[in-house]
1. 5 Å is the cut-off here: which amide hydrogens, built 1.01 Å from N in the peptide plane, fall below it relative to Ile96, excluding neighbours closer than 5 in sequence?
2. Quick check for you: with a 1.4 Å probe and neighbouring chains kept, what is the accessible area per residue of the range 1-85, in Å²?
3. Give me the percent relative contact order of the range 2-112, please, defined on Cα pairs under 8 angstrom at least 6 residues apart.
4. What's the carbon and sulfur percent of the range 1-96's accessible surface, probe 1.4 angstrom, rounded to a whole number?
Amino acid sequence: LSIWVKSPQPFDHVVLLHRTRAGLDAGNRGYELTLEHGRLTGTLAHFYPGNAIRTTCKEPLASGEWMHLAMTYDGSGKAAGIGLFVNGVRQETEIIRDNLYKDIAYRLEWGDFDTQKVADAEMAEAVQFQVGGRYLDTSFAGGLADELKVFDRELSEPEICELAQKT
């Protein structure tokens, strides 16, 4: 994931982006990029908190300025496989959860519904990709986001630097 953001203030908790059915505290699969006490946090979960990985930057982010944020994942199932970057620089992180042993995807064979056939009235239950908030969660009020990019592979550090325009 790669995104430019400008946070108007330090947030205790705010969802920058997610792809889940609801909040991870509801146990849903997916991934999210959040700010927790001003620190960038990346999470991948099959069922949070028991089957998930989560890591957070040791240092809080500045507010009031544009920053390039990125999260990479190497597919290892380990929290150490999550890379968090600020302005093209890999950040020192702390591991919060380190127990992912199932897929983070939604699948029909697991009893999940076909998101393409969900009626409008059921959209709150649909798997959503959302920037700047989540249903019944804290929004990124007053924040700005630009140039979101989602990749289907792990980016290298030079690629992250290029996205952050630090070549």
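1. Arg54, Thr55, Thr56
2. Ligands and nucleic acids excluded, the result is 34 Å² per residue.
3. Values: 266 pairs, mean separation 28.5, N = 111.
With pairs under 8 Å counted, the relative contact order is 26 percent.
4. Answer for the range 1-96 is 48 percent, counting heavy atoms of protein chains only.
The values are calculated or read from the model by the stated rules, or taken from the named source; none is laboratory data. Since the structure is predicted, the reported quantities are computational estimates derived from the model, not experimental observations. Note: areas computed on protein heavy atoms with side chains; ligands, DNA, RNA excluded. Shrake-Rupley method; radii C 1.70, N 1.55, O 1.52, S 1.80 Å.
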